[in-house]
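The values are calculated or read from the model by the stated rules, or taken from the named source; none is laboratory data. Predicted model only: the values in this text are computed from it and were never measured. Backbone-built Cβ (ideal geometry, glycine too); neighbour counts: all protein chains shown.
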Amino acid sequence: MQETPDLTQNSAEDDIFKQLLYKYLPYWPLFALLIIGSLVAARLYTKWAIPRYEIDATILIKDEKKGLVESKMLETLNLFEKSKIVENELEILHSHALMKQVVTNLTLYAPVFEERKSRNIPAYAYSPIRIRLKDPDNLKETEKVPFVYDGTTGQVIIDNMRVPVNQWVTSKYGEIMFNPNPRGALSSQKIPLYFSLIDVKKIEYYFLANLKATAASKMSTIINLQLKDDVPARGEDVLNELIALYTKAEVDDKNVMAANTLASVENRLRYVVGQLDSVENAIQQFRTTSGVIDISQQGKLYLENVGQYDKQIEDINLKLAVLEEMEKFILSKNSGASIAPSTGLNDPTLSQLLDKLTEAQLQYDKLKSTTAENSPMLLSIKEQINKLKPAILDNIRNQRVNLEVSRNNLSNNSGKYNSMLSTIPQKEKQLLEISRQQAIKNQIYSFLLQKREEAALSYTSTATDTRVIDKAESSVGPVSPNKMIIQLGGLLGGLLMGIAFVNLKDVMNKTILFRKEIESICNIPVVAEIGHDRSKLSIVIADNKKTPIAEQFRTLRNVLAFNENHPGVKKILLSSSISGEGKAFIASNLATSMALAGKKTVLLDLDLERFHVTKIFGLEEKKGIVDYLSNKVINAGEIRYRSADNNKLYIIPAGINSNAAAELLVGGNLEDLIKSLELEFDFIVMCSGPLTEDANALAVSHFSDATIFVIRHNVTPKNNLMMLIHEDKLSSLKNPVVVFNDVRGRGFGILDYGYGYGYGYNIKEKRKRKVL
C-alpha cells in the first residue's frame, strides 16, 4: 500500500511564509526607503568614522601547571621565582594599576591633536612634543589648549608665552613640561596643534575596555594581547609599555624579596656568629679546665699505661712469690737436695750466694759419705753453709721490701690512671654536647653564608619568568569600521526599522485590522470579506457587472442562500457592534444580488434610528415599518416598494417618524409581518441597529434563520467585540456568521490583499473571478 506523503510541515512553512509576505510586502516602498537611507547613513559613517587598528603582542610565561622547564642555570639565577598561573597573569595584565602607570608614563592624559577643517586628527605619531604634568592625578580637565612648537628656537608657544622644552613650568594647567616626542620629528615648521587634558581614569578605562588578554589555548602558557585604538603607533606604545611594566614589576618583586631575604640572612648571620664564638670559647674553656686535648688519644694512652702497670705489678708479685719459695727453701733445708731452686731474679748477689750455697752443699754431701761427721773439713763446710743461709735470707728480705715498695708505687699509678679513665666518658659526653652545638652552629653558619650568596646573586639578576615572543605590532589596515559589515548592518537596520514600524503600527491600533484577529477573539465563522470600494456607490452589484466587489457579494449570496451545507436559510438579519460598520451597504447589495439571481427578495430597514437602507433607496418620505407596527397602515403591501432597477427586489423602509418607534420592534406585529412576507418572498433580508446601541437587535434575531454580524476593517473596536463576546450577545444571535467589511489594502502599491494575514483579499480591478 502506498503511503500518503505528510505535507503538514511543508504547509506550516508555507503558511509562515505567507504570513510574513502578506504582513510586510505591502510596505515595500517604506522598506526600500528605509534600506536606502540606512545604506546611505552606513556609507557616510564609513567615510567619516575614525578608523581603528588592531595591535597584537605575544608573551610567554612560566606556569607551574603546564610543564615549562627552565635550565639549571636559569634556576640558579631565579631563586625567588613565584608560582604562576596563566589565569592570574591575565588578570594582572588587565589590572587598573598597570594601565594607570602606562597612561602616566606615556602622558596619554594629554593627547595632542592637529586641527583641520573637516575634523581634528590625533597627532600622537608626528607631534614634535608631548605634554607632561607633575601631578596628573589632580589635573583639571581642559578641552582645548592651542600651542605651536617653534623648531628654530626649540620653544613652545602657549598662551602668548614661550616655554623651553624639558623644563617644568608653572601654568594655569598646573606644573607642566614639554618633552620631545620620541616618534615625532622636531621640525622647524610651525604646525597649529592643540592638546587636551583628560582625567587619567577615563583614559585608563578607555584602554582597558579595548584591551583583550587571552591564553592561546587551555594547555598553553602563551598570552595573546590585543588592543584596538585609533592611532596604531599609540596602541603599539601602550602594549609595549604594558609588557615592560609587567616584567619590571616582576623583577622588582623579586629584587624586593631578595633584598628582604639578604637583610634577614645578614641579621641571622650576626646572631649565629655570636653563638658560634660562644660555643668555641666554651670548648676552649672546657679543654683548659679538664686538661683534655684529645680525649680519644688520652684515653688510649691511659689505658696503655694501666696495662703496663698491671703487667709490672704481676711481674713483681711473681718475683715476691719466688722469693717466698726461696725463703721457705732456705729455712726448711736440713737435708735433702743439695741444689737450690732457680730464682728467676735479676739479682747477681743473690745468684752468687745461692751458687755458693749449692756448691757448699754439694761438697758437704760428698764428704759426708766418705768422712766422719766430726771431720774438720766437714765441719768447716757445714759452718760455711750456716753462714751463707742468713746472708741469703737477708738478701731475700731486702729484695722483698724493694719489690713491695715498687708494687705499691705501681698500684698507686695504676689507680690514678684508672681514676682518670673513669672520668673520660663523662668528659667525652660533655665535650660531645659542646661539639654538637658547635657543629650545628657551623652548619647554620655555612647555610646562611650560602643563602647570602644566593640572595646576592638573585638580587643582581634580571631573569624573569616572562619572555616576549612578539612585540606590539599594528595591523596593516584598519579593522573597523568594516565596510561590508556596516553596509550589511545598514541593510538589516533598514529592514528592522520597517518591521518595527509595521508591528508598532498594528499593535497601537485598537480596531480590528486582520481576519485572524476576528478568528482569535471569537469562534463565529467568517463567511466573507468585502473589499473597499473606491466608487463610493451604494449599490455596487448589477446585472452583468463583473467587478471584484460584485463577485464578493455573489460569493456571500451563494454561501448563505445556495449552500447545501446551510439549507433553509431564508430570513437573514444583519447587525454589528457599532454604527458605521456598513450593515446597510451589505444588506442592500446582498438583497440586490439575490434578486439578480432571480429570487424574489424583500429588504427590511429595521434600524429605526438611522434608516440607512431607506436613504440608499431614496424612500425617506415613504411609509414603512413604523407605520405598519403602529397600525397606521394595516395592509403590508402598502409599505413595500419595488426597486426601479430590479423587479425582483422590494424594499420596506423604516417609515415616517421612525426615531420615536424603537419599542415597536418587540411587539407582535413585526413577527406577523415577517410571517406574511415569508409566504410571498424567497428571501427576507433585515437590517437592524448595532448590538451595543440597539437592545432590540437581539430580539429581532429570533425571527431570522441566520444572522450576519458585520465587522468593518479599521472601524470596529476590539474592546467592543470582546465585550459582546463576554456578555454572550454574539452567541445569543440566531446562527451567527461574520462578514469582514471594507477590507482595505495595507501599505503602498497594493490595493487589498490578505487571507487573514493582511487586511483582506486582493481585489484589484483588473483581476477577474468566477461567480460561484
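Screening the range 217-237 for residues that are small (Gly, Ala, Ser) and touching a Ser or Thr at 6+ places or on another chain (Cβ under 8 Å) and picking the one that is surrounded by the fewest Cβ atoms within 10 Å (Cβ to Cβ) gives Ala233. Candidates Gly299, Gly307: the one that is under 30 Å from Ile440 (Cβ atoms), surrounded by 11 or more Cβ atoms within 10 Å (Cβ to Cβ) and modelled with pLDDT under 75 is Gly299. Just so you know, in the range 649-668 the residues that are assigned to a helix (DSSP H, G or I) and at pLDDT 65 or above include one that is surrounded by the fewest Cβ atoms within 10 Å (Cβ to Cβ), and it is Gly668.
Every test in (1) among the small types (Gly, Ala, Ser); (2) out of contact with any Gly (no Cβ under 9 Å at 6 or more places or on another chain); (3) farther than 13 Å from Met686 by Cα; (4) in contact (Cβ under 8 Å) with a residue 24 or more places away in the chain is passed by Ser588 save one, and that test is (3).
Return the residues of the range 528-548 that are of a type outside the set (Gly, Ala, Ser) and part of a strand (DSSP E or B); say none if nothing qualifies.
Glu529, Ile530
Would you call Asn240 in a helix (DSSP H, G or I), touching a residue at least 12 places away in the same chain (Cβ under 8 Å) and surrounded by fewer than 20 Cβ atoms within 10 Å (Cβ to Cβ)? Yes: the conditions hold for Asn240. Within the range 489-512, the set of residues being among the β-branched types (Val, Ile, Thr) and either within 15 Å of Leu20 (Cα to Cα) or assigned to a strand (DSSP E or B) (or both) comprises Ile499, Val502, Thr511. Restricting the first member to the range 247-261 and to residues that are farther than 20 Å from Ile223 by Cβ, and the second to residues that are buried (at least 16 other Cβ atoms within 10 Å of the Cβ) and basic (Lys, Arg), no beta-carbon pair is closer than 6 Å while six or more apart or on different chains. Name the one entry in Thr107, Thr214 that is surrounded by fewer than 18 Cβ atoms within 10 Å (Cβ to Cβ) and touching a strand residue (DSSP E or B) at 6+ places or on another chain (Cβ under 7 Å). Testing whether each residue is surrounded by fewer than 18 Cβ atoms within 10 Å (Cβ to Cβ) and touching a strand residue (DSSP E or B) at 6+ places or on another chain (Cβ under 7 Å) leaves just Thr214. Checking each residue of the range 605-613 against the condition of being crowded, with 23+ Cβ neighbours inside 10 Å, part of a strand (DSSP E or B), at pLDDT 85 or above and assigned by TED's automatic domain parsing to the domain that holds Ser701 gives at least one match. Glu54 falls short on exactly one of the conditions (1) more than 30 Å from Glu250 (Cα to Cα); (2) at pLDDT 85 or above, and that condition is (1). Against the conditions (1) of a type outside the set (A, V, I, L, M); (2) in a helix (DSSP H, G or I); (3) under 21 Å from His612 (Cβ atoms), Glu551 satisfies every one except (3).
Quick grid of which residues meet (1) crowded, with 20+ Cβ neighbours inside 10 Å; (2) part of a strand (DSSP E or B); (3) not aromatic (Phe, Trp, Tyr):
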residue: Met686; (1), (2), (3): yes, yes, yes
residue: Glu693; (1), (2), (3): no, no, yes
residue: Val700; (1), (2), (3): yes, no, yes
residue: Phe709; (1), (2), (3): yes, yes, no
residue: Met722; (1), (2), (3): no, no, yes
residue: Ile725; (1), (2), (3): no, no, yes
residue: Lys729; (1), (2), (3): yes, no, yes
residue: Lys734; (1), (2), (3): no, no, yes
residue: Asp742; (1), (2), (3): yes, yes, yes
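For the range 617-637, the candidate set comprises residues that are among the hydrophobic types (A, V, I, L, M, F, W, C) and part of a helix (DSSP H, G or I); within that set, the residue that is surrounded by the most Cβ atoms within 10 Å (Cβ to Cβ) is Ile625.
Return the only residue of Ala244, Ala258 being small (Gly, Ala, Ser) and modelled with pLDDT of 75 or more.
Exactly one of Ala244, Ala258 is small (Gly, Ala, Ser) and modelled with pLDDT of 75 or more, namely Ala244.
Being in the same structural domain as Phe178 (by TED's automatic domain parsing) and either out of contact with any strand residue (DSSP E or B) (no Cβ under 9 Å at 6 or more places or on another chain) or surrounded by 14 or more Cβ atoms within 10 Å (Cβ to Cβ) (or both) holds for only one residue in Lys117, Lys140, Lys144, and it is Lys117.
When Phe562, Phe585 are checked against the criterion of being of a type in the set (A, V, I, L, M, F, W, C), at pLDDT below 85 and out of contact with any Phe, Trp or Tyr (no Cβ under 8 Å at 6 or more places or on another chain), Phe562 stands alone in meeting it.
Within the range 351-397, the residues that satisfy the criterion of being acidic (Asp, Glu) and either crowded, with 17+ Cβ neighbours inside 10 Å or under 24 Å from Ala321 (Cα atoms) (or both) are Asp355, Asp394. For the range 114-128, give me each residue that is among the hydrophobic types (A, V, I, L, M, F, W, C) and either at pLDDT 90 or above or not in a strand (DSSP E or B) (or both). Listed by number, the residues that qualify are Ala123, Ala125.
Residue-by-condition table, conditions (1) within 16 Å of Tyr271 (Cβ to Cβ); (2) surrounded by fewer than 17 Cβ atoms within 10 Å (Cβ to Cβ); (3) modelled with pLDDT of 65 or more:
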residue: Gln430; (1), (2), (3): no, yes, no
residue: Glu433; (1), (2), (3): no, yes, yes
residue: Arg452; (1), (2), (3): yes, no, yes
residue: Leu457; (1), (2), (3): no, yes, yes
residue: Thr460; (1), (2), (3): no, yes, no
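Scan the range 142-152 and give yes if some residue there is part of a loop (DSSP other than H, G, I, E, B) and touching a residue at least 24 places away in the same chain (Cβ under 8 Å), otherwise no. Checking the range 142-152: at least one residue is part of a loop (DSSP other than H, G, I, E, B) and touching a residue at least 24 places away in the same chain (Cβ under 8 Å).
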